[in-house]
1. Look at Ala106 and say whether it is at pLDDT 95 or above, surrounded by fewer than 24 Cβ atoms within 10 Å (Cβ to Cβ), under 16 Å from Ile3 (Cα atoms) and of a type in the set (A, V, I, L, M).
2. Could you check the stretch 134-149 and list, in sequence order, the residues that are β-branched (Val, Ile, Thr) and in contact with an Asp or Glu (Cβ under 9 Å, 6 or more places away or on another chain)?
3. For residues that are surrounded by 18 or more Cβ atoms within 10 Å (Cβ to Cβ) and at pLDDT below 95, tally how many sit in the stretch 163-193.
4. When the stretch 78-92 is examined, which residues are found to be outside any loop (DSSP other than H, G, I, E, B), of a type outside the set (A, V, I, L, M) and either buried (at least 22 other Cβ atoms within 10 Å of the Cβ) or in contact with a Gly (Cβ under 8 Å, 6 or more places away or on another chain) (or both)?
5. Could you please let me know if Ser59 is polar (S, T, N, Q) and surrounded by 21 or more Cβ atoms within 10 Å (Cβ to Cβ)?
6. Scan the stretch 71-84 and give yes if some residue there is on the phi > 0 side of the Ramachandran plot and at pLDDT below 95, otherwise no.
7. For the stretch 100-123, which residues satisfy the criterion of being over 18 Å from Ala147 (Cβ atoms) and out of contact with any strand residue (DSSP E or B) (no Cβ under 7 Å at 6 or more places or on another chain)?
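The values are calculated or read from the model by the stated rules, or taken from the named source; none is laboratory data. Computed from a prediction, not measured in an experiment: that's the story for all the values here. In this analysis, Cβ positions are derived from the backbone assuming ideal geometry, glycine residues included, and neighbour counts consider all displayed protein chains.
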Amino acid sequence: MKIEILLYEGFDELDAIGPYEVLAGAGARSGRFDVQLVTAGPAGTVTASNGALIVAHGSMSDAPDLLIVPGGGWNDRRSEGARAQVDRGELPRAIAAAHAAGSRVASVCTGAMLLAAGGLLEGRPAITHHVAIEDLRASGAEVIDDARVVDDGDVLSAGGVTSGLDLALWIVERELGEESAAIAARALEYERTGRVWSSQAAGSATQG
């Protein structure tokens, strides 16, 4: 399974690196995941929201099996970050094009607003960081207020920052099973928390 985590100037470090650690670790154990940090344009060094310099593995594919979009810089209206990318428009279009080409797309935190800007959340269940809930609702998404992870099949979303770990562990569970997800959580010494809302199950489950 080819998984790409999309980096851009001003993304939140944990939004991207948390899921990367979970999924790359599960991939090393299972041989089932190929996980890369990518950019929409030519690969290079990206400056994250707190100043970390991250070197991308390569450029975004046309249609990875799963594309994960971090958030960052939404509420403080920084010159770089998710809101700036929404205003520019190129990144939401690239995300929408990947989805149209067959990729599942997942967001962490305010990365959901990039999905919304690409037209992927209209009338669909989703969640984001609490600071952007009303913006997400205004975009036309059906906000699942008490969910930590929302799984609507080809589009997934997670709440604020640390929920990216729960999203990644949910992906491991979906693809590799509950035992593999439990092993991944134990390796991190992380206790899964919160509600996963899944349209496939027509309901929810509490992690942990």
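1. So Ala106 fails the test.
2. If the condition is that a residue be β-branched (Val, Ile, Thr) and in contact with an Asp or Glu (Cβ under 9 Å, 6 or more places away or on another chain), then Val143, Val149 are the ones that fit.
3. 1
4. Correct list: Arg83, Gln85, Pro92.
5. So Ser59 does not fit the description; no.
6. So far as the stretch 71-84 goes, yes, one or more of its residues are on the phi > 0 side of the Ramachandran plot and at pLDDT below 95.
7. If the condition is that a residue be over 18 Å from Ala147 (Cβ atoms) and out of contact with any strand residue (DSSP E or B) (no Cβ under 7 Å at 6 or more places or on another chain), then Ala100, Ala101, Gly102, Ala117, Gly118, Gly119, Glu122 are the ones that fit.
The rows are residues; the columns are (1) touching a helix residue (DSSP H, G or I) at 6+ places or on another chain (Cβ under 7 Å); (2) crowded, with 22+ Cβ neighbours inside 10 Å.
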{"position": "Asp34", "(1), (2)": "yes, no"}
{"position": "Gly51", "(1), (2)": "no, no"}
{"position": "Ile54", "(1), (2)": "no, no"}
{"position": "Gly71", "(1), (2)": "yes, yes"}
